[in-house]
Amino acid sequence: MELLIGAYHKSEYVGKVEEIIRENYPKGVKSLMVELHSNYPLLNQVYSQVFGQKLDDGFFARLATTFDAKGTKIIYGDKERMPNRVTKEILAKQRKEFPISILALTYLDALVLHRRDIAMVKNVQQYDPQVVVVGRRHADYIKRIFPNVHYVAFDFYPKNKLEFLVEDLFVNRRLPDRIVKVRKVDESAKIAFK
């Protein structure tokens, strides 16, 4: 892995991530690992056959599609992740039965167990992608394991007191080599450069 990008995975940031990759690899990137389930292509195909439409996994699916069309080898690096649409349907059903426990388990894994992070690290070790694009929290964890990798991270500003407190108490941020500041303005966002 040569480049690690910790992004906020909202569709409006896909273009910025593509721009960062093009800046670093003007001739194209050989392999790209994204935060999609390792069986994503198969899940997408089955979902299409059953429901008559493709899975919409937004940010990472768009990145994978764009770079796959350019001949980049795509590595679906998050074997513990379920596609958004499937997750939402399952959680909607389960919330009626276990409203708090599902949420608690999700945060327990994210903050303590790091099951998904560990699976991503194993995929980085096994497949050695040239570029890895995952969510910021996952990227911070990966940076701990690979301290010498060039790390570009997205970060929101300005932050309110609660956001600072949560980061100080629960988030073990790794200092990135470059920060892409994303300004919060109402519900929309504007990108600024540092």
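The values are calculated or read from the model by the stated rules, or taken from the named source; none is laboratory data. Predicted, not measured: the structure shown is a model, and the values here were computed from it. Reconstructed Cβ throughout: ideal geometry from the backbone, glycine too, with neighbour counts over all protein chains shown.
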Exercise. Only one residue in Ile118, Ile90, Ile74 is at pLDDT 75 or above and surrounded by fewer than 16 Cβ atoms within 10 Å (Cβ to Cβ). Which one?
Worked result: Ile118
Problem set entry | Enumeration of residues in the range 5-50 that are of a type in the set (Ser, Thr, Tyr) and either under 15 Å from the mean Cα position of the chain (by Cα) or over 17 Å from Phe67 (Cα atoms) (or both) | Tyr8, Ser11, Tyr13, Ser38, Tyr40, Tyr47, Ser48
Seminar exercise, completed: Within the range 2-35, the count of residues that are among the small types (Gly, Ala, Ser), surrounded by fewer than 20 Cβ atoms within 10 Å (Cβ to Cβ) and not in a loop (DSSP other than H, G, I, E, B) comes to 3
For this session: For the range 7-27, name all the residues that are touching a Gly at 6+ places or on another chain (Cβ under 7 Å) and under 22 Å from Val124 (Cβ atoms).
Result: Ala7, His9
Exercise. Strands (runs of 3 or more DSSP E) wholly in the range 125-185 with at least 3 residues that are modelled with pLDDT under 90 - which ones?
Worked result: 150-157, 178-185
